Amino acid sequence: VLDYAILIISGPDGIQAHTQTLWNLLRRYRVPAFIWANKMDMCRRSRDDIIQELIKEFGDGFCDFSDFCGNSDAALSDIYEKIAALDEAAMEEYFAGDRLGDDTVRRLIKTRRLFPCFFGSALKQEGVTEFLNVLQRFAEAPDYPAEFASRVFKITRDERGERLTWMKILGGSLRVREQINEEKISHIRFYSGAKFSPAEEAPAGSVCAVTGLDKTYAGQGLGKEEDAKAPVLEPVLTYGIRLPEGTDAHDAYSKLCQLAEEDPMLRIVWDSHLREIQAQLMGEVQIDVLKQIIKERFDIDAQIDAGKIMYKETIAAPVEGAGHFEPLRHYAEVHLLMEPLPPGTGIILESACSTDVLDLNWQRLILTNLAEKEHLGVLTGSPLTDVKITLIAGRAHLKHTEGGDFRQATYRAVRQGLMKAQNVLLEPYYDFVLTVPQDQIGRAVSDLKSMSASFDAPQDSGNGFRVTGRGPVSGMSRYQTELQSYTKGRGRISCSFAGYYPCHNTAKVVEETGYEADRDVENTADSVFCSHGAGVNVKWDKADGFMHVDSGLSFSGGTVSEAAAPKVRSRSTDFDEKELEAIMLREFGPIKRPQYSAVTYDYNKDKGKTAEIKKEYYIVDGYNVIFAWDELKRLAKDSIDSARDRLISTLSSFAGYKGCELVLVFDGYKVKGNPGTREEDQGIRVAYTRENETADQYIEKLVHDIGKNYSVKVATSDGLIQLAALRLGVIRMSSRELKSEVDRTLAEIREILDRQGYYRNTLGDVIKDI
């Protein structure tokens, strides 16, 4: 949101590591800059020395403007000449009249061709007035459009905990009570330090903080403004956060997520495998700050474990992944082409599937499913990146396919493709600039080689030898302290995030991580096929032979050949009985079959009866849903009992209309002496687990008890229950999926009641009827 920047450097110290970082950010975002060299009263270096250092480090365009104010054009001839040399149009103007107009100078500053430099002492107020005069003269206010546009640049909370969205208005104006992205502006505040004044309107060009917006994020564009570029800085280390004994992890996680909203360089995640809260940071400097903020804001004495490198994974060659999900009365199949991309590209999603093969609505759903999940690699379980995923084929069933079926098939297709691919482990790298005294260059070069860094030949910089290069974060993250020690404070290193590149010690990292892709039930590569009326799990390496669709792709020499049109395989997909028995034996152990003898059957006994339809069950993890649905989560902040009652009432209407059985389970395992209760409330069954029994354990047992005899959907996120669901053909729903289904059902109820006149209770309606 900056119009201009004032970059302050130390006259005696020159360009330091943080100066380089700031300059790179200003260059990336194309922000015009004025330079202020401070502490010149203690500096032995001349202005020209500092200007030459700036040119050497950052390039051309730096010009001394200290004498610009109060002098005639004749006295400024040398400055004009230096400025004119930066631009051809300015050169022609200078030759025509030995001077440059202010508009020309403004244009050069605005386009980052010219960087005015000033020298003085802020403490002693030397040169400050002259600098401010030139700043006022040459800093040009933007022209703002009439249509509303703004950019969010910060999220904070005031002393009462109210969420503040800081934004700059880049067009039109913003008024109190206006709607933005389905949220209403409650207040507009103009801050000066810690104090603020309320306002009814924020005009274009103003910077303000607003309340009432709960879904905004730093970098977001509102109105006609687009989102900002992704931050160039990225967390590269992850730290486990250990909470004091007795602290509620759910509550602590929601509080820590507030900090992540406020600082884009901090990410708070829940590791479902380790079952711990983790913080992803730029480096160790942030740890002490984070601990202090957690203590001050939330009064939690959190301990932070040693940091670990955040790895990522990609693939080296194209591969096809296929996923099939077909438990009883469900059906979906997805085929994906996965191709490697250049470093730093991220994940790109496309569809190359004809609508003759798969309807457009299913294709959009598959792409949405791909985008909403962070896919994990199979080497270390690290996030997948730099891969293009293209939908090439798929199949749905006219009667049995539901939205959640394609989610399951899509995730399995990605995972199966990774299991077959040439996987590459990536680690974060730093670009570095290292400066050391002449007598320490040998030690520095030796250290860089031991850290697997690549670098250019050392160059004499006048103040020592300078080395530039690139090295892995794993070796360089703690080098600053060691450098200061052996150079006695005379050496310095500037590091900036360079991106992710192939890991220099993949085998060691994979071994230390100990990740087993086959055992990750949350990210399974196996497919589920229906055989003899039951869902059967098929291992990923054998699933291709049972897919119902042939994608038509073929691979040769690491490239994809031209694909034939996808076609449905005509052969039967029923399993051979021996192969089915082998799969079941491998997955679930010996199969115990009862010994049957010949029986006689009375054909008149059941004459006229129809086949019994299985009763539909929903099993819901109560607290999981409460903290996943926004309206219940807000209600729970004030009263968890009210949130529970609201959920029971909502699900009661849902179950009554659907004609299904619904079991709502709440954790009671932390309540000392709690015997657990089972009750019926508003037509649904509500279970409170006993002490030391979690909702997950109760749900898993219930699934085992009824999953074989009923059509069951489970709304939870536990990995063990997912595994049980796969074995029994039970569908697992996320809390968000349940919310969508409940909302659709309640909308249908309202439509029916409205059509039948149940809501016509107003006086106007009564008079109209009379």
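The values are calculated or read from the model by the stated rules, or taken from the named source; none is laboratory data. Since we're looking at a predicted model, the values are computed, not measured. Backbone-built Cβ (ideal geometry, glycine too); neighbour counts: all protein chains shown. All accessible areas refer to the heavy atoms of the entire protein, side chains included, with ligands and DNA or RNA removed. Shrake-Rupley method; radii C 1.70, N 1.55, O 1.52, S 1.80 Å.
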Exercise. Just wondering, is there one or more residues in segment 216-225 that are over 15 Å from the mean Cα position of the chain (by Cα) and of a type in the set (Ser, Thr, Tyr)?
Worked result: no
Problem set entry | Test for LEU425: is it among the aliphatic types (A, V, I, L, M) and part of a strand (DSSP E or B) | yes
Seminar exercise, completed: In segment 107-143, anything outside any helix (DSSP H, G or I) and open to solvent by 70 Å² or more (accessible area, probe 1.4 Å) is listed as ARG113, LEU123, LYS124, GLN125, GLU126, GLU140, ALA141, ASP143
Exercise. Which of the residues belonging to segment 388-414 are part of a helix (DSSP H, G or I), buried (at least 23 other Cβ atoms within 10 Å of the Cβ) and in contact with a strand residue (DSSP E or B) (Cβ under 7 Å, 6 or more places away or on another chain)?
Worked result: ASP405, PHE406, GLN408, ALA409, THR410, ARG412, ALA413, VAL414
Exercise. Is there a residue in segment 496-512 that is at pLDDT 90 or above, assigned to a loop (DSSP other than H, G, I, E, B) and of a type in the set (Asp, Glu)?
Worked result: no
Exercise. From the residues in segment 433-444 that are open to solvent by less than 30 Å² (accessible area, probe 1.4 Å), not in a loop (DSSP other than H, G, I, E, B) and not hydroxyl-bearing (Ser, Thr, Tyr), which one is nearest to ALA17 (Cα to Cα)?
Worked result: LEU434
Exercise. Would you pick out the residues in segment 346-377 that are within 20 Å of VAL269 (Cβ to Cβ) and β-branched (Val, Ile, Thr)?
Worked result: ILE347
Exercise. Which one of VAL289, VAL285, VAL357 is among the β-branched types (Val, Ile, Thr), within 18 Å of SER551 (Cα to Cα) and either open to solvent by less than 70 Å² (accessible area, probe 1.4 Å) or within 25 Å of the chain's Cα centre (by Cα) (or both)?
Worked result: VAL357
Exercise. For residues in segment 191-210 being under 11 Å from MET167 (Cα atoms) and in a strand (DSSP E or B), which is most open to solvent (accessible area, probe 1.4 Å)?
Worked result: VAL207
Exercise. Looking at (1) at pLDDT 75 or above; (2) surrounded by fewer than 19 Cβ atoms within 10 Å (Cβ to Cβ); (3) under 37 Å from the mean Cα position of the chain (by Cα); (4) among the polar types (S, T, N, Q), can you tell me which one SER717 breaks?
Worked result: (1)
Exercise. Just for segment 216-272: of the residues that are free of Cβ contacts under 8 Å to residues at least 12 places away in the same chain and part of a loop (DSSP other than H, G, I, E, B), which one is most open to solvent (accessible area, probe 1.4 Å)?
Worked result: GLU245
Exercise. Of all residues in segment 292-350, which are open to solvent by less than 20 Å² (accessible area, probe 1.4 Å), among the hydroxyl-bearing types (Ser, Thr, Tyr) and not in a strand (DSSP E or B)?
Worked result: TYR331
Problem set entry | Selection within segment 153-163 - open to solvent by less than 30 Å² (accessible area, probe 1.4 Å) and either at pLDDT 95 or above or over 22 Å from ASP227 (Cβ atoms) (or both) | ASP158
For this session: Report, ordered by the first and then the second residue, all pairs with beta carbons closer than 6 Å, sequence separation of six or more or different chains, a first member in segment 618-645 that is touching a residue at least 60 places away in the same chain (Cβ under 8 Å), and a second member that is among the basic types (Lys, Arg) and open to solvent by 60 Å² or more (accessible area, probe 1.4 Å).
Result: PHE627/LYS633
Exercise. Residues that are small (Gly, Ala, Ser): which strands (runs of 3 or more DSSP E) entirely in segment 1-88 hold 1 or more of them?
Worked result: 5-10, 33-38
For this session: Determine whether GLU482 is out of contact with any helix residue (DSSP H, G or I) (no Cβ under 8 Å at 6 or more places or on another chain), open to solvent by 20 Å² or more (accessible area, probe 1.4 Å) and at pLDDT 85 or above.
Result: no
Seminar exercise, completed: All conditions in (1) open to solvent by 70 Å² or more (accessible area, probe 1.4 Å); (2) in contact with a strand residue (DSSP E or B) (Cβ under 6 Å, 6 or more places away or on another chain); (3) at pLDDT 75 or above are true of MET733 except (1)
Exercise. If you go through segment 308-321 one residue at a time, do you hit one that is within 28 Å of ASN624 (Cβ to Cβ) and among the aromatic types (Phe, Trp, Tyr)?
Worked result: no
Problem set entry | Odd one out for LEU76 among (1) open to solvent by 20 Å² or more (accessible area, probe 1.4 Å); (2) free of Cβ contacts under 8 Å to residues at least 24 places away in the same chain; (3) more than 46 Å from the chain's Cα centre (by Cα) | (1)
Exercise. When you look at ILE389, is it in contact with a Gly (Cβ under 9 Å, 6 or more places away or on another chain), within 23 Å of ALA317 (Cβ to Cβ) and among the β-branched types (Val, Ile, Thr), yes or no?
Worked result: yes
Exercise. Of all residues in segment 513-549, which are under 13 Å from ARG415 (Cβ atoms), touching a residue at least 60 places away in the same chain (Cβ under 8 Å) and part of a helix (DSSP H, G or I)?
Worked result: ALA517, VAL521, GLU522, ASN523, TRP540, ASP541, ALA543
Seminar exercise, completed: Scanning segment 372-387 for residues that are open to solvent by less than 50 Å² (accessible area, probe 1.4 Å) and either of a type in the set (Gly, Ala, Ser) or outside any loop (DSSP other than H, G, I, E, B) (or both) gives LEU376, GLY377, GLY381, SER382, PRO383, LEU384, VAL387
Seminar exercise, completed: Within segment 445-466, residues being assigned to a strand (DSSP E or B) and within 25 Å of ASP13 (Cβ to Cβ) number 5
Problem set entry | Scan of segment 622-648 for residues that are surrounded by fewer than 14 Cβ atoms within 10 Å (Cβ to Cβ), more than 19 Å from ALA252 (Cα to Cα) and not charged (D, E, K, R), ordered by number | SER642
Seminar exercise, completed: Counting only residues in segment 116-172 that are aromatic (Phe, Trp, Tyr) and in contact with a Gly (Cβ under 8 Å, 6 or more places away or on another chain), the one nearest to ASP299 (Cα to Cα) is identified as PHE153
Exercise. Counting only residues that are over 30 Å from TYR311 (Cα atoms) and among the small types (Gly, Ala, Ser), which one in segment 515-538 is modelled with the highest pLDDT?
Worked result: GLY535
Exercise. For ASP541, which of the numbered conditions (1) surrounded by 15 or more Cβ atoms within 10 Å (Cβ to Cβ); (2) modelled with pLDDT of 90 or more fails to hold?
Worked result: (1)
Problem set entry | Out of ASP87, ASP102, sole residue that is among the acidic types (Asp, Glu), surrounded by 15 or more Cβ atoms within 10 Å (Cβ to Cβ) and without any contact (Cβ under 8 Å) to a residue 60 or more places away in the chain | ASP87
For this session: With respect to GLN52, determine if the residue is farther than 30 Å from LEU222 by Cα, open to solvent by 70 Å² or more (accessible area, probe 1.4 Å) and among the polar types (S, T, N, Q).
Result: yes
